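Reading through the structure tokens given below for one structure.
The values are calculated or read from the model by the stated rules, or taken from the named source; none is laboratory data. This is a predicted model, so every value here is computed, not measured. Here the Cβ positions follow ideal geometry from the backbone for every residue, glycine too, while neighbour counts run over all protein chains shown.
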Amino acid sequence: MKLKYLFIGFVLIFLCACRNESHLYKIEGKQIPVTDSLETNAEIEAFIKPYREHVNNDLDSVLAYAVDTYSKSDGEFNTAIGNLMADAVYEQCNSIFKSRTGHDIDIVLLNHGGIRSIISKGNVTTKTAYEVMPFENSAVVVALKGKQVQELVDYLAKAKRANPISGLKLVLKDFNVKSVSIKGKPFTINKIYFVATSDYLYDGGDNMDFFKTNDGVYTLDYKIRNVLIDYFKKKDTLNPTIDDRFIQLKN
């Protein structure tokens, strides 16, 4: 009997302990704005200083010299800066693509909106490349049949923008396609063309849906920003021009 009462006592003590246990039921937070008024930590600053200086030295390293200032608003259908970017992609990527596939790139197509800064007259640095192309977009080559290339041409004619192109020459009259040539030869519908572009556009960016139907895609593992950096180093002096690769004939 004593054992029975002892057991009941233990149960009552246990229940009381559970009943008195505190529970978390509310969490409160406080917003602390990050401003210049916050004190810096000297120890942390000393730790990151050499890394910051290393990054800044890399970004400020001079790669080339631009003879003028170039902006994506300089031309109606093609711009010097856009031509430079498209030509850079062709020049830097074609040898890589050909070594892997035995084929040459036929066309380069980038997007006008992807040019995010001007190239100022004077020294061109690594930072310039990051400003012009701040995104992590990489170059890809897409195999397109003539039908899809025709859709690409129609897209450019309808967009009426200076989307950067290389290898392709497009002439409009009254905003209708008058002539199309690729690497100096007339465009033919019964052929597969290799189009270099960015992975963003290949995935349908800027409504470039003609890339969805293709005969293969080749990833080059080459960021377009790095394409520019390597191109700047190679060229030393930048002097791109507006030309006749994409024009609208005057009446």
Open item on the list: Among (1) of a type outside the set (Ser, Thr, Tyr); (2) touching a Gly at 6+ places or on another chain (Cβ under 6 Å); (3) surrounded by 12 or more Cβ atoms within 10 Å (Cβ to Cβ); (4) farther than 30 Å from residue 61 by Cα, there is one condition residue 205 misses while meeting the rest; what is its number?
Closed with: (2)
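Would you check which residues across region 203-246 are β-branched (Val, Ile, Thr), in a strand (DSSP E or B) and within 17 Å of the chain's Cα centre (by Cα) and list them? Outline the logic, then answer.
Of the residues in region 203-246, the ones β-branched (Val, Ile, Thr) are 213, 217, 219, 224, 227, 229, 237, 241-242.
Checking which are in a strand (DSSP E or B) leaves us with 217, 219, 237.
Of everything in region 203-246, just one residue is β-branched (Val, Ile, Thr), in a strand (DSSP E or B) and within 17 Å of the chain's Cα centre (by Cα), namely 219.
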TODO: Being modelled with pLDDT under 95 and in a loop (DSSP other than H, G, I, E, B) is the filter here, so list the residues in region 162-180 that pass it.
DONE: 174, 175
- [ ] Being surrounded by 24 or more Cβ atoms within 10 Å (Cβ to Cβ), of a type in the set (Val, Ile, Thr) and part of a helix (DSSP H, G or I) is the filter here, so list the residues in region 67-106 that pass it.
- [x] 81, 89
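Step by step: first the residues of region 107-147, then only those that are assigned to a helix (DSSP H, G or I) and of a type in the set (Val, Ile, Thr), then the one that is nearest to the chain's Cα centre (by Cα). Which residue is that?
Filtering region 107-147 down to residues assigned to a helix (DSSP H, G or I) leaves 112-114, 126-132, 146-147.
Filter again for of a type in the set (Val, Ile, Thr), leaving 126, 128, 132.
On the way: 126: 16, 128: 14, 132: 10 Å.
The qualifying residue nearest to the chain's Cα centre (by Cα) is 132.
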Task: Search result, residues across region 216-247 that are under 24 Å from residue 159 (Cβ atoms) and surrounded by fewer than 17 Cβ atoms within 10 Å (Cβ to Cβ) - done: 217, 241, 243, 244
Task: Test for residue 157: is it aliphatic (A, V, I, L, M), surrounded by 15 or more Cβ atoms within 10 Å (Cβ to Cβ) and out of contact with any helix residue (DSSP H, G or I) (no Cβ under 8 Å at 6 or more places or on another chain) - done: yes
Task: region 167-181, subset basic (Lys, Arg) and more than 28 Å from the chain's Cα centre (by Cα), residue farthest from residue 146 (Cα to Cα) - done: 173
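Could you list, in sequence order, all residues of region 182-202 that are more than 12 Å from residue 149 (Cβ to Cβ) and either among the small types (Gly, Ala, Ser) or assigned to a strand (DSSP E or B) (or both)?
Of all residues in region 182-202, those more than 12 Å from residue 149 (Cβ to Cβ) come to 183-186, 196-202.
The answer is 184, 185, 186, 196, 197, 198.
Residues to consider are 190, 163; find the one that is surrounded by 18 or more Cβ atoms within 10 Å (Cβ to Cβ) and among the polar types (S, T, N, Q).
Details: 190 fails: surrounded by 18 or more Cβ atoms within 10 Å (Cβ to Cβ).
Answer to the check: 163.
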Task: Number of the exception - residue 230 against (1) touching a helix residue (DSSP H, G or I) at 6+ places or on another chain (Cβ under 6 Å); (2) farther than 29 Å from residue 99 by Cβ; (3) acidic (Asp, Glu) - done: (2)
